[in-house]
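Asks: Here's a structure for you.
The values are calculated or read from the model by the stated rules, or taken from the named source; none is laboratory data. The model shown is predicted, which means the values in this text are computed figures rather than measured ones. Cβ placement follows ideal geometry from the backbone for every residue including glycine, while neighbour counts extend to all protein chains displayed. The protein model used for the area step is the full one, side chains on, heavy atoms only, and it has no ligands, DNA or RNA in it. Shrake-Rupley method; radii C 1.70, N 1.55, O 1.52, S 1.80 Å.
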Amino acid sequence: MYRVDVAVAVALVAILTACASSAAAVGEVGGGDDHAARARGEVTYDGRALVVDGTRRMLFSGEIHYTRSTPEMWPKLIAKARRGGLDVIQTYVFWNVHEPVQGQYNFEGRYDIVKFIREIQAQGLYVSLRIGPFIEAEWKYGGFPFWLHDVPNITFRTDNEPFKQHMQRFVTQIVNMMKHEGLYYPQGGPIIISQIENEYQMVETAFGPSGPLYVRWAAEMAVGLQTGVPWMMCKQNDAPDPIINTCNGLICGETFVGPNSPSKPALWTENWTTRYPIYGNDTKLRSTEDIAFAVALFIARKGGSFVSYYMYHGGTNFGRFASSYVTTSYYDGAPLDEYGLIWQPTWGHLRELHAAVKLSSEPLMFGRYSNISLGQEQEAHIFETGLKCVAFLVNFDKHQTPTVVFRNISLQLASKSISILSDCRTVVFETAKVNAQHGSRTTEVVQSLSDMHSWKAFKEPIPQDISKAVYTGNQLLEHLPITKDETDYLWYIVSYEYKQIDDDHLVLLNVESRAHILHAFVNSVLVGSVHGSHEARGNIILNKNISLKEGQNTISLLSVMVGSPDSGAHMEQRSFGIRKVSIQKGHQPLHILDNELWGYQVGLFGEGNRIYAQEAPYRVKWTDIHNLTHIPLTWYQTTFATPIGNDAVTLNLTSMGKGEVWVNGESIGRYWVSFKTPSGQPSQSLYHIPQQFLKPRDNVLVLVEEMGGNPLQITVNTMSITTVCGNVNELSAPSLHTQGKDPAVHLRCQRGKHISALEFASYGNPARDCTAFSTGSCHAESSGSVVRQACIGKRVCSIPVSPAKFGGDPCPGIQKSLLVVAKCR
C-alpha cells in the first residue's frame, strides 16, 4: 500500500500553517473593545461552499455550549478544539437562561455569550451561531422560557402572532447585541453563519398550512436583520431562498437529500459523535471509525464543505436544565469529554482526517467531480483541477477487505472504510485504521465522606394542612402551569375520612399520573413510589394497599418531573401531573377523589427556602445524621476538602437514590443512580464539580434525597487519563502533523503529567490491542529499552515504526506493528 511521503507531509505543514495564520486573522480584527476594526466583505456562499473574504472554505466545526461548562473552562476547550483541526465553534443561544423572566435578562457568568464568542475569536476560530430560538438540545423546554407558555392565545412555532412577536423580539435582540459588540464577520468579528429555527420539518405537518407560512416568515424575518452572513435552517428541505437547508444526523452522506438549490452548499450542522445518555439506558458510544467514515463520505458523495460535530464537548447539565429523563452528564463520549479531557482515539483520529482533507482543499473546492464504480460495494469519488487531484475510495462492505485497482494502482481497502488519496495516488488517511493514541480515564478516591459526625440531616416536612396550601381547588391541576418549571416538585394534598366497615380490611390507593415520578404518603408515611422512563411516556400508575386510621387521613402525593419536554409539536399543550386518584375499600364502590378539595404546594420546603445556599435566607435545624440514612425526602449536608492538583473532580453518588446536589451553593445537577440500566448499572454515578465551584477548603456539600440513600458512602474522586496506548502498523500512513517519513507511535500525557512507567512494548506482531495485549510470535527484544529511552519522564514522545529504530528486522517477511502501553502520572 502506498504511504504518504516527506514531500506531502512538508506540503501539509505549510498548508496548515497558512490556514492557521489566516484563521488567526479573525482574532486580529474586532478583538477587545476595538469596534472600529478593518471592515471585511460579507460572508456569502455558492453551490460549493461558504465563501469567506471571496474564498471558498472547507470548514470543520464543533459544537460547544457555553451554558454546559464554565467561563474558566472555555479557553482550554477552545484551544483543544483548534488543536484538533477545527475552524469553527458552533453553539446554540439559550433563550430561557437569557430571559428567565419576561423582560429580565441575564448574560453573566456561564451565560455570558459575548465573552464566549470573544474567546473563540481570540483563538482564531470562526463562530456558527444557532439562534433558534427553539433549540431542542436536550435542554429544558427546548430552550423556551416557560413564561412563554402563559402568553394569551399563543401557539408555539407556527403562524401565530403572539409567538412570532416574542420570537422576533428575542432574535432581534440577540442579533443587535452581536452587531453592537462587532461580532459579525463583516464587522471584524468571528460569526460567519447563523441559524434560524431548528429541525422544524419534523413537526411542520402538524400545523397544516400554517407550517409553511411560518417557515417563510421566519426566513424573511432573519434575512431582514441584515447580519452580513448567511442564515441556515437544519433539517428543513423547503428552506426558502436564500436560507441554506442543512443536514443533521449520523450518516448525512447517505440520508441528506442535498441542497434545495444548485447555488447552495452542502452543510452538515450536526454529526452526532455519540448518543446523549438517558436515565435507565446503557451508554451507547459511537466508534471513532464510524464517525470518520461518515465525515469522509459526506465530503465525497455530497460535496460537503462544512461538517460540525454534535457535540465536540458536551459538558454538564447543571441545575435542572436537562430535558426529560436526560442525565446530568451530556455527550461524555465526544472528542472532548464532560471534564474537558481529550477523548482518545476519537480526537486524534478526527484531527488526522481534518488534516488529510485540508491537504486537498484546492481540488475539493474548485475541482471537477466524477465518480466510478470499483466493485459491487466499492466506489471512487474524484475531485481534480488541472494540477491537483484527490480521491476517496469507499468500501461499504462491513466484512470483506477487497483489493481494487484505481488508476493503475492496486489497493486493499479495509472493511467499511474510506481511503483518501492525495494527488489521487498517495494514501494519506484511512478511516478504519486508527493510529491515534488511545487513552483510559481513571477515577481515584481522594476523600471518603464516611465520617458520620461530619454529616448533618434535615427531614423534609410532608405537607398535611390544606389550609396552608398555596393553591386550593376541587380539581386536579396540571403540574407545569403551577410550578412554572421552576422546581421539579409539586405536592397534591387531600383529606380523606375513613370509617371502619367489617369487609374493608383492604384499602387500595390508585393514582394515575403523567409526571415522571410519583411518591405517595399517607399521614406522612411513604406508602409507595413509581416512575416512568424515556421510552414509556404514558401514564405512570401506582396501586398500593394502605392502612388508614379512623377519622381524617391526609394523602400527600408528590409529583416529580425529571426535566421538561424539549421537542414535539404543540409543546404548550403538553400536560403533566396527576390525572386520577381513587380509593377502593374492600368491596365498596370506588371512591374517586378527583373533585375533592385539593391543596397544592409548589416545590420542597428546603428548596423554597434555599437551604443549600451559601447564605441561606432561612436557617433550618440541621440534626445529627444518626438513623436518617436510607430515609426518603431527606436533606444532607457536610464539608469536604478541595483535592490537590488540577485534575477534574467528581462525586461518586452510587450509594444514593435520586435527587439534586449542590456544592458551595452551585447545583451540579440532578442525580438518579437508583434507576438501573438493563446491565444493572446506574446510567451515571460520577458527577462533575468544576474547579471553579470549589473553595480552597471547607466546601459545603448539600443533597436532597428523594428515595433513600446512604450519604456515608459518597466519595470525592479525581478523574484523569492515566494510561496511554499506541498501536501502529508499519504500512500505516505517517501522521500528517509530523515531517517523519515513517509511521510512528505518538504518546502524550495530559498537561501536568508525564510518562512514568512502561506497561507493555512490543515491535513485531503483538497480539490483541490496547485493552488486552501480549507479545506474538515476532518480538524485538529491544522493544522495551527503546521505548523507555524515548518516553520515560517525558510528557510527549514518538517512536518510529521501523526496523532501524529497533536494531534491525526481528522477523523478515512478517508485517510488523508497534504496540506501546504506558502510564501517566
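Asks: Look at the range 223-244 and say how many of its residues are polar (S, T, N, Q) and free of Cβ contacts under 8 Å to residues at least 12 places away in the same chain.
Replies: Adding up the residues that qualify gives 1.
Asks: Next question. I'm checking my understanding of the structure. Among residues of the range 92-140 that are in contact with a His (Cβ under 8 Å, 6 or more places away or on another chain) and of a type in the set (F, W, Y), which one is most open to solvent (accessible area, probe 1.4 Å)?
Replies: By that ranking, first place goes to Y105.
Asks: Would you be able to tell me the number of residues in the range 526-538 that are part of a loop (DSSP other than H, G, I, E, B) and either farther than 18 Å from G563 by Cβ or of a type in the set (D, E) (or both)?
Replies: Qualifying residue count for the region: 1.
Asks: While we're looking at this one, here's another question. Write out, first by first residue and then by second, each pair whose Cβ atoms fall under 6 Å of each other, whose residues are 6+ apart or on separate chains, and whose first residue, in the range 292-309, is in contact (Cβ under 8 Å) with a residue 60 or more places away in the chain and closer than 16 Å to S361 by Cα while the second is open to solvent by less than 10 Å² (accessible area, probe 1.4 Å) and in a helix (DSSP H, G or I).
Replies: L297/G253; R301/G253; V307/V295
Asks: Which numbered condition in (1) touching a residue at least 60 places away in the same chain (Cβ under 8 Å); (2) over 24 Å from G340 (Cβ atoms); (3) under 24 Å from the mean Cα position of the chain (by Cα); (4) surrounded by fewer than 18 Cβ atoms within 10 Å (Cβ to Cβ) is the only one that Q692 fails?
Replies: Here Q692 clears every test but (2).
Asks: Need pairs with beta-carbon distance below 6 Å; first residue touching a residue at least 60 places away in the same chain (Cβ under 8 Å) and within the range 627-650, second among the polar types (S, T, N, Q) and surrounded by 20 or more Cβ atoms within 10 Å (Cβ to Cβ); sequence gap 6+ or separate chains.
Replies: Close Cβ pairs (under 6 Å, with a partner that is among the polar types (S, T, N, Q) and surrounded by 20 or more Cβ atoms within 10 Å (Cβ to Cβ)) amount to L628/T634; D647/S720; T650/N717.
Asks: For residues in the range 768-796 being part of a strand (DSSP E or B) and closer than 13 Å to V821 by Cβ, which is farthest from the chain's Cα centre (by Cα)?
Replies: Filtering the range 768-796 for residues that are part of a strand (DSSP E or B) and closer than 13 Å to V821 by Cβ, the one farthest from the chain's Cα centre (by Cα) comes out as S774.
Asks: Separate question: Under 8 Å between Cβ atoms, which residue pairs at least 6 apart in sequence (or on different chains) link something in the range 596-613 that is over 18 Å from K484 (Cβ atoms) and among the aliphatic types (A, V, I, L, M) with a partner that is assigned to a loop (DSSP other than H, G, I, E, B) and open to solvent by less than 30 Å² (accessible area, probe 1.4 Å)?
Replies: I611/V620; A613/G665
Asks: Would you tally the residues in the range 471-482 being surrounded by fewer than 14 Cβ atoms within 10 Å (Cβ to Cβ) and of a type outside the set (S, T, N, Q)?
Replies: 2
Asks: Cβ-Cβ distance below 7 Å, separation of 6 or more or different chains: which pairs start in the range 432-453 with a residue that is assigned to a loop (DSSP other than H, G, I, E, B) and end on one that is surrounded by fewer than 17 Cβ atoms within 10 Å (Cβ to Cβ)?
Replies: A432/S415; S450/Q713
Asks: Being under 15 Å from E444 (Cβ atoms) and either in contact with a helix residue (DSSP H, G or I) (Cβ under 8 Å, 6 or more places away or on another chain) or open to solvent by 10 Å² or more (accessible area, probe 1.4 Å) (or both) is the filter here; which residues of the range 643-665 pass it?
Replies: If the condition is that a residue be under 15 Å from E444 (Cβ atoms) and either in contact with a helix residue (DSSP H, G or I) (Cβ under 8 Å, 6 or more places away or on another chain) or open to solvent by 10 Å² or more (accessible area, probe 1.4 Å) (or both), then P643, I644, G645, N646, D647, A648, V649, N652 are the ones that fit.
Asks: Hey, another quick one. Conditions first: (1) without any contact (Cβ under 8 Å) to a residue 12 or more places away in the chain; (2) of a type outside the set (A, V, I, L, M, F, W, C); (3) in a loop (DSSP other than H, G, I, E, B); (4) over 30 Å from G54 (Cα atoms). T205 passes all but one, so which condition is the exception?
Replies: The failed condition is (3).
Asks: Now for a separate question. Which of the numbered conditions does I420 fail, given that it passes all the others? Conditions: (1) surrounded by fewer than 19 Cβ atoms within 10 Å (Cβ to Cβ); (2) more than 30 Å from C824 (Cβ to Cβ); (3) among the aliphatic types (A, V, I, L, M).
Replies: Unmet for I420, out of (1) surrounded by fewer than 19 Cβ atoms within 10 Å (Cβ to Cβ); (2) more than 30 Å from C824 (Cβ to Cβ); (3) among the aliphatic types (A, V, I, L, M): (1).
Asks: A further question follows. Which of (1) more than 30 Å from F144 (Cβ to Cβ); (2) among the polar types (S, T, N, Q); (3) open to solvent by less than 20 Å² (accessible area, probe 1.4 Å) does S564 not meet, given it meets every other one?
Replies: (1) is the only condition that S564 fails.
Asks: Looking only at the range 141-156, how many residues end up being open to solvent by 10 Å² or more (accessible area, probe 1.4 Å) and in a loop (DSSP other than H, G, I, E, B)?
Replies: Total satisfying the criteria: 5.
Asks: State all residues of the range 730-767 that are surrounded by fewer than 17 Cβ atoms within 10 Å (Cβ to Cβ), in a strand (DSSP E or B) and of a type outside the set (D, E); if no residue qualifies, say none.
Replies: Once the filter is applied, which keeps residues that are surrounded by fewer than 17 Cβ atoms within 10 Å (Cβ to Cβ), in a strand (DSSP E or B) and of a type outside the set (D, E), the range 730-767 yields S756, A757, A767.
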